[in-house]
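Beneath this line is the structure, given in structure tokens, with notes to follow.
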């Protein structure tokens, strides 16, 4: 009597082992190892030395400027990004495809080039600067200039996360609300916005995290004046140039801590928004 060979269960996803292994290898080499090296380098400092570095007046001024400018940039992107996503999905007009493509320019443009372009535009003799200068508004080497540079590099995150959700919304809900006599603002507030809220929160949070870590676009328009327009990423770079690796690691760890907090907050907000949407 012959015994039949056991039947091997088919994998639900062919190539799962290879794809999972490749993904884990990529995450380990590109993300986990650099982060772990940064944490280990910071651990060598010791609590007293670490606190002395991150609580120095220059570091506190850099953190304060970075966080304030990032919040301003995120507030700008939250409004402008939502409006731009709405226009690109709900209206047809000449040049729409060009405008849609321009939303990806901050992704493709090197950040240093973006910083140089913004500095040239907002300088005293630039296209925008010569209009603002008579009004007493100066953009380069100010907090507002840093916020504008951060906003430029992070605006696509809001637009590109909200836009596909708006495109996939079922228009039947909006038509039913109009039939019941709801105004356009009420339809947006009660029908549309709850549907896009998870994506909207995710886009704003990613934009904030991107602004906190921005370097190339900010370094040219900020002027890098200590205690005035010096961002935290630049201060870490200066410490590296001074061969103060422990100081650079300490500042980088603080930025990493803020990024992890933002990711946690983003996940919490998205979970809350999904529960609110299902009600």
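A few points about this structure:
- The single condition among (1) closer than 30 Å to residue 226 by Cα; (2) surrounded by 18 or more Cβ atoms within 10 Å (Cβ to Cβ) that residue 136 does not satisfy is (2).
- Among residues that are more than 30 Å from residue 58 (Cβ to Cβ), surrounded by fewer than 16 Cβ atoms within 10 Å (Cβ to Cβ) and either in contact with a strand residue (DSSP E or B) (Cβ under 7 Å, 6 or more places away or on another chain) or at pLDDT 85 or above (or both), residue 156 is not included.
- Taking first residues from the stretch 208-226 that are at negative phi and partners that are outside any helix (DSSP H, G or I) and crowded, with 21+ Cβ neighbours inside 10 Å, the Cβ contacts under 7 Å between residues at least 6 apart in sequence or on separate chains come to 218/231; 221/140; 222/229; 222/231.
- Residue within the stretch 119-127 that is modelled with pLDDT of 85 or more, out of contact with any helix residue (DSSP H, G or I) (no Cβ under 8 Å at 6 or more places or on another chain) and outside any loop (DSSP other than H, G, I, E, B) present: yes
- Residue-level check: of (1) under 22 Å from residue 75 (Cα atoms); (2) in contact (Cβ under 8 Å) with a residue 40 or more places away in the chain; (3) part of a helix (DSSP H, G or I), residue 254 misses just (1).
- Test: residue 159 is within 26 Å of residue 107 (Cβ to Cβ) and in a helix (DSSP H, G or I): yes
- Condition broken by residue 192, with the remaining ones in (1) under 20 Å from the mean Cα position of the chain (by Cα); (2) part of a helix (DSSP H, G or I); (3) within 26 Å of residue 101 (Cβ to Cβ) satisfied: (1)
- Among the residues of the stretch 219-237, at least one is out of contact with any helix residue (DSSP H, G or I) (no Cβ under 7 Å at 6 or more places or on another chain), in a helix (DSSP H, G or I) and surrounded by fewer than 18 Cβ atoms within 10 Å (Cβ to Cβ).
The values are calculated or read from the model by the stated rules, or taken from the named source; none is laboratory data. Since the structure is predicted, the reported quantities are computational estimates derived from the model, not experimental observations. Here the Cβ is made from the backbone with ideal geometry for all residues, glycine too, and neighbour counts use every protein chain on show.
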